[in-house]
Amino acid sequence: MKKNKSNSISLAVFLIGCAFLLFFNVYWPYILIVIGTPISLRDFLEKRVKDGLVALFVFFGFFVFAQFNVSWQILVPILFVMSAIYILCREWIKDQMG
């Protein structure tokens, strides 16, 4: 699938997720699902299955930790930063290669 089409579909999923958050007036930890689903969907549509699975694992894993009130006040921010660095490096390497 072309990048423009996959970006449009993932943006639509993100906006629908934001609408549900506003309608039900719940934000944390459901925002993790709203952010993670379009990212992984875009990766799957662009046939980057490995990246899509990593995004699903990261965001849904954080959702589970937050939903069950796992008290990891230091580990969760570190995991967020590591995830952000992974995503940035992946995109930078992809741009350099192609």
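Read the figures in this text as sums done on the coordinates, not as results from a lab. Quantities reported herein were computed from a predicted structural model and do not represent experimental measurements. Note: ideal-geometry Cβ built from the backbone for every residue, glycine included; neighbour counts use all protein chains shown.
For the chain, return all DSSP H helices satisfying: extent of Cα atoms along own axis at least 27 Å; mean Kyte-Doolittle hydropathy at least 0.5.
On the way: long enough: 3-24 (31 Å, 1.28); 75-97 (32 Å, 1.10).
Once both thresholds are applied, what remains is 3-24, 75-97.
By how many nm would the segment from Cys89 to Leu53 lengthen if fully extended, with 0.36 nm per residue of separation less the alpha-carbon distance?
So the chain would gain 11.3 nm between Cys89 and Leu53.
Let me spell out the model: positive unit charges on the Cβ of Lys and Arg, negative unit charges on the Cβ of Asp and Glu, origin at the Cα centre of the chain. What dipole size does that give, in debye rounded to 20?
Charge dipole, the chain, about its Cα centre: 320 debye, nearest 20.
Could you give the length gained by full extension between Trp28 and Ala12, i.e. 0.36 nm per residue of separation minus their alpha carbon distance, to one decimal place?
Full-extension gain reported as 3.7 nm.
Taking a temperature of 10 °C and a viscosity of 1.306 mPa s, what whole-number D in µm²/s does Stokes-Einstein yield for segment 25-79 with Rh from Kirkwood over alpha carbon pairs?
135
For the chain, what does -39500 (n - 2.57) per DSSP helix run (n ≥ 4), summed and divided by total residues, give at 222 nm, in deg cm²/dmol to the nearest 500?
-28000 deg cm²/dmol
Could you work out how far apart the two model spin labels at Val76 and Met1 are, taking each label as a point 7 Å from the Cα in the direction of the beta carbon, and quote it in nm?
Modelled inter-label distance: 3.1 nm.
For the chain, what percent of Cα pairs sit more than 15 Å apart?
66
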